[in-house]
Each structure stands twice: as structure tokens, then as C-alpha cells.
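So the structure is just underneath, and the comments pick up after that.
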């Protein structure tokens, strides 16, 4: 896919999104309400309209082939880069998905092992050290010090003795 | 004058509390580290680390974040010089002469020059700040909703007017930030609003940090993953010999550059005040001016120390300058200050001129901390140059997962809702895809912070005027501000007409 094609697809997607936002804003009054001022939907409605106009502007420039992006024939994401970026993005999505099941302390070591060992090609020794050390530091910093309870999913019961110890 | 000095004295009392002092030193060191990492700058550091500050009181939190801001401005030069890759966009101009100097085996000279210039820039600008801020805040005390809205329009208009070629993308970015900030509840009628796809998670709105960490954390890191993949992961670290004797010799040589430093500082400070401009254009302008003023302009780009000193003084001065409108008017001068402003809202402080009267300790503690942070940053920087060079050798594949994890937790911490973590991932990935198409993303972050303040200001103004927009033009302060905003808005059109006319004549 060239940059030019990507530009078109992005502008079309965002134009559709702005129309959706306009429709959604219209659920609230967008006109003037006596003694109350503008209705609750007015502000987002007109902003979404501006959004739509700017998308139209981007598309206009695209059609008349104006500007470096609209004329670029370069590949949008190079294939070897695409592999790398996609694997990182997918790893992040899976990690966040796992938060609710095996909890943050199950998901983070897996993410670290994947990143350090398979993307970074670091030694197993370093990988294992960091995969254990970082979650421990996070537990102390966020849960013990800041009192922000992070999601634990099914591992919750394992933490009850620790809660008793620290709180 | 005396009153200001008295207040500043009180501020120093706040700064010298052990906790705050520790936060400044820690913040400076962390900021230097973040700034030195290629790709990460002050805005990334402040966005990713803001959730960590919930532990300390607001004054401590802002002092810590401001120290990171400062440290990152110093640190940006380190990778510009050693790697030839700007540590942050604000340090782009530093590569022009810093890199050639490093290649000639004078990396230590460039690093010392950058540190000293940063110190001069920081010092001059913080003094200017101390004496500009209180009068400006005083004037702003009479501002009502129409003035507030006019100021925000001015902030957005400068982005449109000065924001490069792609006009529509800048407008898009501003509007999307404002719309995203409108999600949740209508503040006046209390009705749920824009609950996208009826997902209940949108009911509590979108915290600005979700967007900021999405764009500046996840998105920026994906961008860096790409850059690394393109560069083949090769390191281009220069060698540097650092000895005490050489450092002192370098410091002595720098005395002759004082004029450039002062010029860069003053220029950077005033450019920094403008909302859209900030440190990156400030440092580029300073570089250009230094070259024009120089007796030997041809040596620029080939390793002239003046070419390092000028942008470094300017970018530090600009970072202080950008805090001026944030503190006095509640309008951030840069994406980083936008995040600081959002932080103030989280900590329960209402941004704007009343801060100076209602939360004097907070404001003056922050100002005094800038003096202290500047001093600590230069000391840490010069003393630990060899350490920072070592840090640059840390492989990206070790740092990247740690930063990603910090982002995920940072997105979760403010609301403790998994919905926000998912949303942050979406913003990060979409933001990355948009950035590749040259969509400017800083205006969106500014807009999501200002949105919740702009909407009530607009609606209240319209209630006062019974629906007439003339209220923005007829009041003493709102009128000129709004007209300036409109002029900025049409600046790209004027530019286009001018270029066409010139082409016709030529």
C-alpha cells in the first residue's frame, strides 16, 4: 500500500467517524434553549461538523494531488518494518487481553519474555531476571506505595496473604 | 518588586523541604535520562510518569514533573551529539553542529557547551518568568468567560497559523481533541453525551492521560520500533574522552560564546510563550540567528560550538516560556505544559490567574523549583556525562518493553478501568498510523485538555450575551485577543495569496 492510498483510506475512515459523531451528538438538543443557552449537543455537533469539513479538505487535496503525502508513491509501511511493528502491537493487545484473565502479574512476565527473548534476542538469564524483577517492582510501587490495585483476574486469591501483609 | 522577591523567598522554603528537594534531584536525573534516549522527550516523560505522582501532594508532583521537563531539555542534547539522532524534537538543531564536533573527537566540548548553554537559557528565562508572571496574572484576574474562550481560540489559532503546511490536518487534530473531551456527560444538563456505540466505559469520559499516553507513549514507541527496524539497530555512538582538566578547559572556552547564549535565551523565551511554537521552532530560529550574526557563518554545520550553544540555550528558555501562559492564563504553551495543566486539574487545582492568589504556595514553589532544577540539572549533567554515554549503550529492546509496561499501567491508574487501557491502545495505534501521514498530534492533546474548560466558557459567554457572538469582539480584552486569533487563523491564506502574487510578479 502506498502512502497515497493510506492517506485516502484514513481520511475516508475519519470522515465516516465524524458523521457518526454528528449523529451521536444530535441525540441531545443542538439548538438554542430559552434561558439555558446552547443545548448539550451543540458543542460536539459543530465540532464534528468541522471535523467532517477538514476530512473533506484532506480528500480535496488528495484528488487534486496536492502536497507531499497525497502525491507520495512510497510504501506506507515497509514489509520488514510491518512485521516488527505488528508483532509489538499484537503482543500489547494480547497482554492487555490477558490482564482480565491471568492478571497483570501473569501477563507482564509473558510480555517481557516475548519482547526480550524473541524480539530482542537477549540471553535467557537476562530475560528471566527482568521478567521476575519488573513485576515485583511494579507490585511494590503501585500496589503497596500508591495503593492502586491492579487487575489480577483469576490470580486474585494468591494475593490475599500479600494484602494481609501490606495493608 | 519586593513583594515578588518575598513570594519567591517563600517558594524557596517550599523547595528546600527534604521531600521536594529529593523530587527535584530525582526528576532532573530521570529527565536527563529520558531526554537522552532517542525518540523520548519531555512530553513523553511527563505523560508516562504523571500517574506516578499521585503519591505526593500537588506541589511536590508539579515540582517533580517540571524537573523532568527541565532535565529532558538538557538530556536531549546528549543523544543529538553522541548518536546524531535528536533525543527529542527540541534538540534537532543541536545535531547540526554537535554531531560534527563529536566526529572530530570533541564530543566532550559539545556536551559541556550544551549543558552550560542550557543552564544560561534556563536561568535567564526563569528570571524573566519571575517578573513577567505576576503582572500578567494580575491583568488576567479580571478575565471572564468571554476572555477565557478568546484565549483558547488564540491558542488553537496559533497552531493553525504557524502549524506548517497541512492546514486541514491541523484543524482535524484540534477538533478531534475537543470532541473526544466532550464525551461523557453534558456538564450543564447532566445528560449522558456521545456514549460511543453505547459502551458504558465512555460514560466517565476520556481522561486526557489516556490520549496523551496513547500518543506519546504507545504511539511514539511504535514509531521508534519502526525507526530501529529501518536503521537495522546499528549503534552509531561516538567516542568521547572526558577528563576533569578537559572539562575545565572547555568551560573556559565557552565564556566567549556568552552573547550567543543570551540571544538564544531571550529569543527562546518569547517564542516559547506562543502556544504553537515552543521549543523546537525556538531552537531552530536561534540557530539561524546565531549563524546570521556570526562572523564566520560558513563554519556552521561543520562543528562550530556556537551552533550547539544557540539552540540549547533557546530550547531550555522556551520550556520556561511555555509555562508562563499555562500558569497565568491557564493556556498551555506546549504539549508538555498541556499535560502539566491536565495534571493540575486532576490534583484539584483550577488553572488560571486565580492560582496566584488562591494557591500562592503551589505557584511560587514551582517557580522557585525551576531555579533549583536548573542548577541541579547542569551539575548532574556535567558530572555524569560518562554515565549518560554508557546509558546510551543500553539496547532499545530492553528499554522498550519497560516503557510499554509503564504506559499500560499509566493508562490504568487514573480511572482503574480496563476500558481506558484498551482505548489507550487504540489511540496509540491510530496515532502512529496518523503520524506516518503527517497529522500533527500535539494540537489534539492540547485540545483534549482545554476542551472541558473551553465549552463552559463558550456556553456561559453566550448565555451572558443571549446568544450573540458579538460578546467576543466588544469587550476590552476579549476583542483584541479574538481579532488576533482570527488573524492567525487566516495567516495561511495570507501566505498563499502572497506567494501567488510574488510568483505572478516574478
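Exactly one residue out of B:274, B:251, B:349 is modelled with pLDDT under 85 and surrounded by fewer than 19 Cβ atoms within 10 Å (Cβ to Cβ), and it is B:251. Every listed requirement among (1) without any contact (Cβ under 8 Å) to a residue 40 or more places away in the chain; (2) within 7 Å of chain A (Cβ to nearest Cβ); (3) under 30 Å from residue B:161 (Cβ atoms) is met by residue B:469 save one, (2).
Test residue B:416 against the criterion of being surrounded by fewer than 22 Cβ atoms within 10 Å (Cβ to Cβ), touching a residue at least 24 places away in the same chain (Cβ under 8 Å) and within 12 Å of chain A (Cβ to nearest Cβ), and give yes or no. Outline the logic, then answer.
Values: surrounded by fewer than 22 Cβ atoms within 10 Å (Cβ to Cβ): yes; touching a residue at least 24 places away in the same chain (Cβ under 8 Å): no; within 12 Å of chain A (Cβ to nearest Cβ): yes.
Here the answer is no, as residue B:416 does not meet what is asked.
Meeting the requirement of 2 or more residues that are within 27 Å of residue B:322 (Cβ to Cβ), the helices (runs of 4 or more DSSP H) wholly within region B:392-506 are B:396-412, B:418-435, B:442-464, B:478-505. All conditions but one from (1) within 11 Å of another protein chain (Cβ to nearest Cβ); (2) assigned to a loop (DSSP other than H, G, I, E, B); (3) surrounded by fewer than 16 Cβ atoms within 10 Å (Cβ to Cβ) apply to residue A:83; the one that does not is (2).
Residue count for region B:163-198 under the criterion of being more than 9 Å from every other protein chain (Cβ to nearest Cβ) and at pLDDT below 80: the result is 3. Scanning region B:100-130 for residues that are over 24 Å from the mean Cα position of the chain (by Cα) and part of a helix (DSSP H, G or I) returns B:100, B:101, B:102, B:103, B:107, B:108, B:109. Take residue A:78 and decide whether it is surrounded by fewer than 20 Cβ atoms within 10 Å (Cβ to Cβ) and within 30 Å of residue B:456 (Cβ to Cβ). So residue A:78 does not fit the description; no. Here residue A:119 fulfils each of the conditions (1) surrounded by fewer than 21 Cβ atoms within 10 Å (Cβ to Cβ); (2) without any contact (Cβ under 8 Å) to a residue 24 or more places away in the chain; (3) at the interface with chain B (Cβ under 8 Å from one of its Cβ atoms) apart from (2). Could you please let me know if residue B:77 is within 14 Å of the chain's Cα centre (by Cα) and assigned to a helix (DSSP H, G or I)? Judged against the criteria, residue B:77 is not a match. Is it the case, given these coordinates, that residue B:90 is touching a helix residue (DSSP H, G or I) at 6+ places or on another chain (Cβ under 9 Å), modelled with pLDDT under 80, crowded, with 22+ Cβ neighbours inside 10 Å and part of a helix (DSSP H, G or I)? Judged against the criteria, residue B:90 is a match. Please go through region B:206-220 and pick out each residue that is within 13 Å of chain A (Cβ to nearest Cβ) and closer than 11 Å to residue B:429 by Cβ. Those that are within 13 Å of chain A (Cβ to nearest Cβ) and closer than 11 Å to residue B:429 by Cβ: B:214, B:218, B:219. With the structure loaded, tell me whether residue B:160 is in contact with a helix residue (DSSP H, G or I) (Cβ under 9 Å, 6 or more places away or on another chain), more than 9 Å from chain A (Cβ to nearest Cβ), buried (at least 24 other Cβ atoms within 10 Å of the Cβ) and part of a helix (DSSP H, G or I) or whether it fails that test. The answer is no for residue B:160.
The values are calculated or read from the model by the stated rules, or taken from the named source; none is laboratory data. On a predicted model such as this, the values are computed, not experimentally measured, just so you know. Note: ideal-geometry Cβ built from the backbone for every residue, glycine included; neighbour counts use all protein chains shown.
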